[in-house]
Amino acid sequence: MSQELRAVEWTGNGLALIDQTLLPHRTQIVDVRDVDTLVDAVRRLVVRGAPAIGAAGAYGVAIAVLQGAREGWSEAEVRAAVARVREARPTAVNLMVCVDRVMTRFAEGLDAVLAEAAAVQREDVEANRAMGAAGADWLLKRVGEDRPLRVLTHCNTGALATAGWGTALGVIRELHARGRLEVVYVDETRPLLQGSRLTAWELVQEGIAHYVQADGAAAGTILRGQVDAVVVGADRIAANGDTANKVGTVGVALACADAGVPFLVAAPTTTVDLSTATGADIHIELRGEEEVLEWAGVRTAPTGSRGHNPAFDVTPGRLVTGLVTERGVLEVSAGELPGDRMR
Ligand code: MRU
């Protein structure tokens, strides 16, 4: 994927979002000029990934201000519209953090709001570059410098999930750029296939060797010694290092702990929520049953079955070997807790 292709782009009077529900077979842009369209896009995963929805939320404040001016809203109505954007999805804390940051400039008017949203976007790319380098350094030191690494990842954490470059996928891209990557095992990431549709698509654009595998294959691939390290992203990290990420992540972490394979979480500091003490306090989004009972709109489970569809799970901090942010690496399972080191 070229650096020019952005998941979230301000056009001057609205947001252009790549519709990630249609990738990899169709590249279609959703033109967002009003709050309802933005909230719907975030909920349907047109735009997704914690930092990307943070950036979309940041510009969402500008969309609410512009719509309010067009439609004669009171300030209270604009603020209520911003609150709807802020609450469009509950788990990724980036959405709330980025909306709140931009709202600190609300009283200064549209130009200030847009400047702050642009800063959110720019700083996310810078953070991703920094954590990519720090994460690659840490992995190479930990796993060994003697041969290229075989890395497993879950969900999509690349340019599509961020303002650019990627978090976990940024670490992987950095390893590739250094000639230190052999292959990536890409979990397909049921039920919405962010791995097989989006991560694989980004890796194809980058010319990075990879296998797509069923989520159920991950533990076996790790226990059979085919993986040197796992790198994943995060949607919210509690003060004690407990990490919410795409459902299926905790099983991968358990396999890593059993096999002695490093489990690295890559996320910007905007994903670290020091006001949340432990993973038990993280709101896990429960999505519609149809996502697990149907395939491409066709019912696969028998009539009478109910679906259980948590979008995320929580990996306990004791299973997180490393947490890399733009500030460097914390060895969480060894006792370097975000709540102690990042306040
Ligand atoms: O439901 P999604 O696709 O928004 O979930 C995304 C993830 O779980 C990612 O791993 C996480 O947001 C990190 S993205 C850099």
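The values are calculated or read from the model by the stated rules, or taken from the named source; none is laboratory data. Worth saying up front: this structure is predicted, and the values here are computed from it rather than measured. All Cβ positions, glycine included, derive from the backbone under ideal geometry; neighbour counts span all protein chains shown. Just so you know, the surface numbers come from the protein's heavy atoms only, side chains and all, with ligands and any DNA or RNA stripped out. Shrake-Rupley method; radii C 1.70, N 1.55, O 1.52, S 1.80 Å.
At full extension, GLU87 and ARG44 could sit 14.1 nm farther apart than now, given 0.36 nm per residue minus the alpha carbon distance.
Taking 0.36 nm per residue of separation and subtracting the Cα-Cα distance, full extension of the segment from ASP258 to ARG318 would add 20.4 nm.
Surface composition of the range 171-243: carbon plus sulfur atoms hold 48% of the accessible area, using a 1.4 angstrom probe and ignoring ligands, DNA and RNA. Note on GLU145/ALA214: beta-carbon distance plugged into 1/(1 + (r/R0)^6) with R0 of 45 Å gives a FRET efficiency of 0.90. Computed about the Cα centre, the dipole magnitude for the range 8-123 is approximately 360 debye when only Lys and Arg (+1) and Asp and Glu (-1) carry charge, each at its Cβ. Using a Förster distance of 35 Å, how high is the FRET efficiency between GLU126 and ARG306, based on the Cβ-Cβ distance and rounded to 0.05? My answer for the efficiency is 0.20.
Model label sites at ARG343 and ARG26, defined 7 Å from Cα along the beta-carbon direction, differ in position by 5.1 nm.
Counting every alpha-carbon pair across the range 229-343, the share separated by more than 24 Å comes to 32%. Which percent, nearest 5, of DSSP beta bridges in the range 129-341 are antiparallel? If I count the DSSP bridges inside the range 129-341, around 40 percent turn out antiparallel.
Does the chain classify as rounded, prolate or oblate by the C-alpha gyration tensor (a ≥ b ≥ c root eigenvalues; a/c under 1.5 gives rounded; else a/b over b/c gives prolate, otherwise oblate)? Note, shape of the chain comes out prolate. Within the listed set ALA301, ALA209, ALA168, the Gaussian network model of the chain (springs between alpha-carbon atoms below 10 Å) gives the highest mean-square fluctuation for ALA301. The relative contact order of the chain, computed from alpha carbon pairs under 8 Å that lie at least 6 residues apart in sequence, is 16 percent. Sparsely packed loop sites in the range 83-151 (the GluC sites (Glu not before Pro) outside DSSP H, G, I, E and B with at most 16 other Cβ atoms within 10 Å) comprise GLU87, GLU145. With a length cut of 20 Å (Cα positions projected on each helix's long axis) and a Kyte-Doolittle mean of at least -1.0, go through the chain and give me the DSSP H helices that pass. Helix filter hits for the chain: 50-71, 110-143.
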